[in-house]
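Read-outs: derived from the displayed coordinates by stated rules, not from any lab. Since we're looking at a predicted model, the values are computed, not measured. Here the Cβ positions follow ideal geometry from the backbone for every residue, glycine too, while neighbour counts run over all protein chains shown.
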Amino acid sequence: MEWGYIAKYTPMYATAALLTLRIAAVGILLSLVVGLFCAVVRHFKIPILNAIAVGYIELSRNTPLLVQLFLLYFGLPKIGIKLSGEACAVIGLTFLGGSYMAEAFRSGLVAVEKIQHESALSLGLTNGQTMRYVLMPQAAALAVPALTANVIFLIKETSVFSAVALADLMYVAKDLIGLHYNTDEALVLLVAFYIIILLPISLLASLLERRMRYAGFGGTA
Amino acid sequence: MLLTVEKLNKAYDGLEVLRNIDLSVEKGEVIVVIGPSGCGKSTLLRCINGLETIRSGSISLNGELLNRPKTDWSSVRQKIGMVFQSYDLFGHLTVMENLLLAPMKVRHEDRKTARIRAEALLERVGLGDKSRAYPRQLSGGQKQRAAIVRALMMEPEIMLFDEVTAALDPEMVREVLDVILELARDGMTMIIVTHEMQFAKAVADRVVFIDGGEIVEQNTPELFFTNPDTERAKRFLNIFQFDTPK
Ligand SMILES: Nc1ncnc2c1ncn2[C@@H]1O[C@H](COP(=O)(O)OP(=O)(O)OP(=O)(O)O)[C@@H](O)[C@H]1O
Ligand SMILES: [Mg+2]
C-alpha cells in the first residue's frame, strides 16, 4: 500500500464523492416526488393516469439503470435531444427511483385502515384533503423502512454513472487504475468513500425507523 | 322532514342487500335500527352519507335530493355526522388535532374559536384532560367519546351511530351510551344502530326493525319490545333474549 498515493488522490475522490452525492440527492428528491404522485394516482385509480403509472412502474422496475442511462445518453441524441451526463444521471436515477418510491408509498397507503379514509370523508373532507392530512402522514410513517432502503439502494446504483462519462467515484477509480496501475490503492479509496457516504445514511435510517416503530404517535404499542 | 329515504335499493355486485327501504326522520327524532347481523343496518347508514352508491330510490336531506351526480358530498357530509363501530380517530393526531382538522380545513374556522368549542365539548363528555393524548393512549370508551365529539364539531343536523359500543369492554359501554342519551335530551336528530336493547328502549322515539334487507316493522319502543306487530320481530326478540340473559 502506497500511502503517498492515497494521500495524493484523496482530494480527487472527495470531489467525485460530492458529485455522486449531489446527483443522488437531487435524484432521490425527485424520485420521492414522482413516487408520491404515482402512489396517489394508483390509490384513487385515476383514469388514464393510473394506466400510465402502472406502465411506467413496470418499465422502470424491469430495466437496469445502466440500460436506462444508455438510452438517455446515446439514444436521445439520435433523435436530436442532447443531454449532459449529469442531466442523464439525474433523470435516469429519478426514472428508476420513482417506481421504487411509488411502491413504498403505496404499501404504506394499503396498510392504513379503510376506516380512516371513510371517517375523514364523513367529516366533509374531500378526497384530496383526506389524502394530504389523514392518509399520507400515516402511510409515510409506515413506509419509512421501505423508503430508507430505497435511498440506500439508489445511492449504490449511482456507481453506474461512470458509464455516461460522469466523473463520479467509480469513474475516478477506473481512471486512476488505467493511468497508474495502483489497483489496490484505487479500490481501497473507492470502498472507503462509499462507506463514508453510506454508513451515516444507513445509521440515520435505522434511527428513524426505530423512532417510527417505538415512539410513533405517542404510542407504547 | 329532515331526512327522507324512499324505495331505496342497494346491491353489492348482484347481491341485494337493501330492498325498498322507506324511512323518514323528523327533526329531533331518535330512530333506533335493530336487526340480525348482516341484515343491512350498516349499509343503510353508509348509503345515507354517500359512502355507498345506491341502485335505485332516493335519499333527501331537507328536501334536497342527495343521490344525483352533482351532489357536493363534502358539504352534505358536514350536516351528517357519523361514528363507526371500529375506532376511527386519526392515529397520527392528538385528540385536539383530531377535533380541529375538519373545522379548520373544511369550514375554514380559525383555530382559536374551534379550540374553544372543542374544549367545551371534551369537558362535557368527560375528556377535558385528554386533548393532548394520542388515540392509542386512550381506552376504547374514551376513543368513542372523542369520535362523537369530533363529529359534533361540524355541528351536524343529524348523527348516525353504527354500533359504536359493539367493540367495547362491557364496563365502558355505559359511558358512551350516556353521551348519546344526553345528545338525545338536547334534541339531536339521530339514527342509532345498536344491539343494546335496554339502551334502545330508553333512547328511541321509534324502533326500525330490519331483517333480510327490508324494513319489517316500525314501531314505538314500548310496543316493539313488549308486543311487536310482526312474527319476525317476535322471533328476533325471543332469540335475542335467549342469547343475552339479563
Ligand atoms: N363491501 C361489501 N361487498 C359485498 N358485500 C357486502 C359489503 N358490505 C356488506 N356486504 C354484505 O351486505 C350485507 C349487509 O351488510 P351490513 O354490514 O350492512 O349488515 P349489518 O346489518 O350492519 O350487520 P352487522 O350487525 O353484522 O354489522 C351482508 O350480507 C354483507 O355480507
Ligand atoms: Mg354493521
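Results, tabulated for the structure shown:
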read-out	value
For the protein assembly as shown, share of DSSP beta bridges that run antiparallel, in % to the nearest 5	55 percent
Separation between Cα centres of the stretch A:117-196 and the stretch B:139-187, rounded to whole Å	47 Å
Gain upon complete extension [B:S58, B:E123; 0.36 nm per residue less C-alpha separation]	19.5 nm
Rounded, prolate or oblate (a/c below 1.5 giving rounded, otherwise prolate when a/b exceeds b/c) for chain B by Cα gyration tensor	oblate
Expected-Rg normalisation [2.2 N^0.38 Å, Cα atoms] applied to chain A	1.22
Ellipsoid semi-axes in whole angstrom, largest first, where each is sqrt(5λ) of the Cα gyration tensor of the protein assembly as shown	60, 24, 18
Protection proxy ranking, peptides B:40-47, B:65-72, average beta carbon neighbours within 10 Å, highest first	B:40-47, B:65-72
For A:M1, A:M101, A:M212, B:M154, order by how many other beta-carbon atoms lie within 10 Å, fewest first	A:M1, A:M212, B:M154, A:M101
Largest-first ellipsoid semi-axes for the stretch B:1-130, taking √(5λ) over the Cα gyration tensor eigenvalues, angstrom	31, 17, 15
Angle in degrees between helix A:3-43 and the longest Cα principal axis of chain A, rounded to the nearest 10	20 degrees
Percentage relative contact order, chain A, counting C-alpha pairs under 8 Å, at least six apart	28 percent
Proxy reagent accessibility, fewest Cβ within 10 Å first, across A:C38, B:C39	B:C39, A:C38
Qualifying trypsin sites (Lys or Arg not before Pro) in the stretch B:1-38, DSSP loop, other Cβ atoms within 10 Å at most 15	B:K27
Förster radius 45 Å - calculated FRET efficiency between B:N238 and B:T113, Cβ distance, rounded to 0.05	0.30
Relative contact order computed over the stretch B:136-246 (Cα-Cα under 8 Å; 6+ residues apart), in percent	19 percent
Cα gyration tensor category, rounded, prolate or oblate, for the stretch B:80-195 with a/c compared to 1.5	oblate
Taking only Cα atoms of the stretch B:162-236, radius of gyration then Dmax in Å	13.0, 35
Principal-axis tilt of helix B:111-124 within chain B, Cα atoms, nearest 10 degrees	60 degrees
Contact order normalised by residue count of the stretch B:161-212, Cα under 8 Å, 6+ apart, percent	45 percent
Spatially proximal lysines relative to A:K45 (Cα-Cα < 22 Å; intrachain offsets below 8 disregarded)	A:K114, B:K70
Inter-label distance, nm, simple model (7 Å from Cα along the C-beta direction), B:S139/A:F37	5.0 nm
